1. Can you pull out the trypsin sites (Lys or Arg not before Pro) in the range A:46-151 that DSSP calls coil and that have at most 11 other Cβ atoms within 10 Å?
2. Of all alpha-carbon pairs in the range B:58-162, indicate the percentage at a distance above 16 angstrom.
3. If r is the Cβ-Cβ distance from residue B:134 to residue B:3 and R0 is 45 Å, what FRET efficiency results, to the nearest 0.05?
4. If I stretch the segment between residue A:208 and residue A:266 completely, what's the gain in nm (0.36 nm per residue apart, minus their alpha carbon distance), one decimal?
5. 222 nm [θ] for chain B, helices only, -39500 (n - 2.57) per DSSP H run of 4+, per residue, to 500?
6. Positive end of the dipole of the protein assembly as shown, charges at C-beta (+1 Lys, Arg; -1 Asp, Glu), about the Cα centre: which of B:54, A:157, A:61 has its Cα farthest in that direction?
7. In what sequence, highest mean first, do B:160-170, A:265-275 appear when ranked by Cβ atoms within 10 angstrom?
8. Using the Cα centre of chain A as the reference point, and only Cβ charges (+1 on K/R, -1 on D/E), how large is the resulting charge dipole? Debye, rounded to the nearest 20.
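Every number here is computed from the coordinates shown, using simple stated rules; none is lab data. Here the structure is a predicted model, which is why all the values come from computation and not from measurement. Here the Cβ is made from the backbone with ideal geometry for all residues, glycine too, and neighbour counts use every protein chain on show.
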Amino acid sequence: MPYRKKNLFLRATVLQSIRNFFSLRGFLEVETPLRIPANAPEEFIDPLASENMFLQTSPEICMKRLLCRGYERIFQLSHCWRSDERGRRHVPEFTMLEWYRSNSDYRDLMQDCQDLLKWVAEACGAGNGIIYQGQSIDLCASADRITVSQAFLHYGGIDMQAAVADASFDEIMVTRIEPALAGNVPVILMDYPAEMAALARIKPEDARVAERFELYVGGLELANGFSELNDPREQLSRFVETNKKRQQAGSPALPLPSPFLEELSAMPPSAGIALGVDRLVMLLADAERIDDVVAFTPEEL
Amino acid sequence: MYSVADLKKGLKLTLDGDPYVVIAFDFTKPGKGQALYRTKMRNMINGTILDRTYRSGETFEPASLDEREMEFLYKEGTHYTFMDQQTYEQVLMEEETLGDARNFLLENLKVDVLIFGEKAIGVTLPNFVNLRVTQTEPWAKGDTSGNDSKPATVETGYVLRVPPFIEEGELITIDTRTGDYSTRVKG
């Protein structure tokens, strides 16, 4: 079977196993509108306009409103759009898995990630390990947990706060830290600088960082999860701050998701996470490019 | 002016006054961070390879490169002289700038000379050139050593492997892209 066709079969198995994983654990599969009046504004994510609305950059706003309405465990597989993102690991329209759980924090999500990786690997016959771009990886192994601060000192040779202050954070992340996360077990990079977590709760014992983490496997960034901020006033001021930064950089300010802000005080302590499904398939297919795991690239349309 | 959106393999741009060609390119965006464009570029004059990371909004000067057909006239010391047959303009190129191309340059050969500003920075050869073998061991009939090739020197001084039946004085065709023997020119 041709390589890409084989990968689309694998993709279907991955989607099926994700649904099985969550339904067996009592998560409700939900579908929320893809076209919304406002996304959560992000400094570096540009939404695509659709008439007088936007295509979602993530299903987070609607899913968090469901948490506010008393849905306790939900998941969704949906398409998301982010303008101008095209590269070896990016297509502007991609598939996102998001799941949310109330009365939980980001540590519970870390465990979910581990359990999900193992589950999907076994469903795809990769329970004994995979080879990704020449590196053998045990998806069932317990993940290495490292704080962003440790990673910056250890691999970046610079203090995390100093990197935030001189705006070199992203470049060091890409050139020195991500390549160091391509080992033989999954890696959880946790406790991001407070400035880099627009919707996450600040860590109670250390106000400099937020309870946010990223899951890396084979150097691929797979998922971003955090303990949810549920203080509407704090959330509003962060959105305003984000829009200010956007405008300083010459990007347009974005409309704010008002109903979300109005309902946010009803959100129980919760945690939520977004995982790139295309990337997960890349990993299992040993694909160097995202092009190899989608039915159509934007250029083929 | 180029923007980061124009970056791709093969793009030629000017950096610190020198022409560079992009040889590897990757778009990255770490964890909700900014878009970063990682490139590997080769200096088209001295071959130095450079890693550079760019951010949205940065711009680049294109490299104004011109390619002109010229004839190789002669070599003097380490200088190679080429002439534009139309304008009779002559340009000089150093041996090290020419790199491996010098192995295949025979007087009167027509090549494409790459010009950056006023400076000749490289040549594109025809894919195949014919050169005469000036030195090689004779073919020992009944040779049982099992060697299916032997070294031969051609008139430019270049040494390559040729089949054992090639004799001194014969004309052979060489693939300039690989530097390998291609065929024997009959007659």
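1. Passing sites in the range A:46-151 are A:69.
2. Numbers: 3499 of 5460 pairs.
Tail of the P(r) past 16 Å holds 64 percent of the pairs.
3. In this case the efficiency is close to 0.30.
4. Computed gain between residue A:208 and residue A:266 is 18.3 nm.
5. Numbers: 1 runs with 4 residues, N = 187.
The helix contribution divided over chain B gives -500 deg cm²/dmol.
6. Looking along the dipole axis, the top candidate is A:61.
7. A:265-275, B:160-170
8. 500
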